[in-house]
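Working notes for the structure below.
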Amino acid sequence: MCGRLFVVAALAALACLVAPVPSASAHAGLESSDPAAGSSIATSPAAITLTFAEDPDPALSLVRVVDANGTTVPGVSAVEAVPGKPLSLQATLTQSLGQGVYTVNWRSVSASDGHVQNGAFAFGVGVTPAPGSTKAVDLLNTSPWMSALGALGHWLLYAGLALFVGAATTCLLVFAGRLPAGGARLLRVALLVSVVGFCAMVWAERALTGATSLLPLFQTRHGQLLLALGVAIVFCAAAVAAVDLWPARWSLAVLGATGALAVLVHVLGGHANAPSSLRLVNVAVQWVHMTGIGVWVGGLAWLLLGIRGMTKPVRAAAVDAFSRVATATLVVVLVTGVARGLVEVGSLGNLFTTRYGVTLLVKVGLVVVIVALGALNHFRWVPALKTQDGAARTFRLNSGGELAVAAAILAATALLSGLAPASSAVASPSMSGSQGVTVSGSDYATTVRAHLTVSPGAVGQNSYSVMIDGYDSGQPLPR
């Protein structure tokens, strides 16, 4: 049976590999502007309109216009949504701009997942911007500490929710609806871990988006999804209390349902819910993938807790039952993981040229290790539990290694949730002929700012230079 399931998984993964992958747009990046980057217009514009690849959140997005000296131009309103154009933002100019070169500095916060990007471009009134005339202003609110806090929060949240889902499935399908000794304490720990993770995520998001307090953050679409996640965790807390007071099948089923609900709400605030013709499919696949991890990895933690003190026959039967559940779940996790990875990566080359791709490769390597450990348990130590006295200790040690690798996998997943997908990170904005364009972004791993200067910025041969801040001393890297 196990062999057939692995064959099914391999065939399904192959089908995903040969299937066409929908194209992805730049992750919350600027697609176009009016005035256009590098353009020269005869008279002062009445407004500045920016169009992005994803729905921007007007409440936290910014536009600042500076003159050729880098001085902020007065009379630029706060950004507003453009009626009927969800991808566009507009800032009205209440004062006319005189002849000269001006730089539009922008910061966008994705309404889909809260990711932040900023950039700048120059345009001229009555004159054409010269190469290198862009005056960039840093509008990001990033720091390595806040980025690390966000990643830690995601990791803790994943661990807590996995324990909720794993408790329900393992106790119902393996332990006949019984909560093992020490189970109530483990559920309280899982709840505490989830709450701490959620608070860390909210605090990091407030800092990264530049919100002055939690209220402006929670008034945005992504902030409302964070609030919904908090409500889902409250439901999980009520379910934990129910299991503690009335340990039974129904309370365990409620716990599993609330855990799966919290996973779904979290998925709605991530990459899978980005604008796409396959948005519902992406959300469903990601939800099944994350829930499956809970059944598999979270369930393994509960199995190790529950088999302590069991007699050899009872222990062997419990481990055998969980092995069947874990094998079927592993197939689901692998297939859905491949499907989501293909959408987020876009092409094989992106695996090696983007931070998202490299992190995904690390995660894939860890998955290979944990699958190997699981196969060793399934084919070697699970059968040995029925006949060998020392097999139980070896099984627990090997399973402990699985959990350690699983923790590293969840850490890689937390990092991926804060990185722009590789398929969108390599997409270039459709701003051909622009001059002096700078683009910056933030993620949960680090912050990098690249300043690109194009000369002359017209059709034909161009030269350009890139200055990268963050990884080196900030010296220009000629290209």
Residues of the stretch 185-217 that turn out to be under 19 Å from the mean Cα position of the chain (by Cα) and free of Cβ contacts under 8 Å to residues at least 12 places away in the same chain, as a count
1
Identify all residues within the stretch 218-261 that are touching a residue at least 24 places away in the same chain (Cβ under 8 Å) and among the polar types (S, T, N, Q); write none if there are none.
Q219, T220, T258
Of the conditions (1) closer than 28 Å to I233 by Cα; (2) surrounded by fewer than 20 Cβ atoms within 10 Å (Cβ to Cβ), P131 satisfies every one except a single condition; which number is it?
(1)
Filter the stretch 185-226 for residues that are crowded, with 17+ Cβ neighbours inside 10 Å and β-branched (V, I, T); which is modelled with the lowest pLDDT?
T209
Looking only at the stretch 80-96, and only at residues there that are within 14 Å of V63 (Cβ to Cβ) and not small (G, A, S), the one that is surrounded by the fewest Cβ atoms within 10 Å (Cβ to Cβ):
T94
Flag for L152 being over 20 Å from I409 (Cβ atoms) and of a type in the set (A, V, I, L, M, F, W, C)
no
Among the strands (runs of 3 or more DSSP E) lying completely within the stretch 84-184, list those that include at least 1 residues that are modelled with pLDDT under 90, among the basic types (K, R) and touching a strand residue (DSSP E or B) at 6+ places or on another chain (Cβ under 7 Å).
100-109
Could you name every one of the helices (runs of 4 or more DSSP H) located completely within the stretch 347-427 that has at least 2 residues being without any contact (Cβ under 8 Å) to a residue 12 or more places away in the chain?
355-376, 391-417
Please work out which one of (1) under 23 Å from L361 (Cβ atoms); (2) surrounded by 20 or more Cβ atoms within 10 Å (Cβ to Cβ); (3) aliphatic (A, V, I, L, M) is the condition A326 fails and give its number.
(1)
Among the residues of the stretch 325-332, is any polar (S, T, N, Q) and either at pLDDT 90 or above or touching a Gly at 6+ places or on another chain (Cβ under 9 Å) (or both)?
yes
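The values are calculated or read from the model by the stated rules, or taken from the named source; none is laboratory data. For clarity, every value in this text was computed on a predicted model and none was experimentally measured. Every residue, glycine among them, receives a Cβ derived from its backbone with ideal geometry; neighbour counts consider all protein chains shown.
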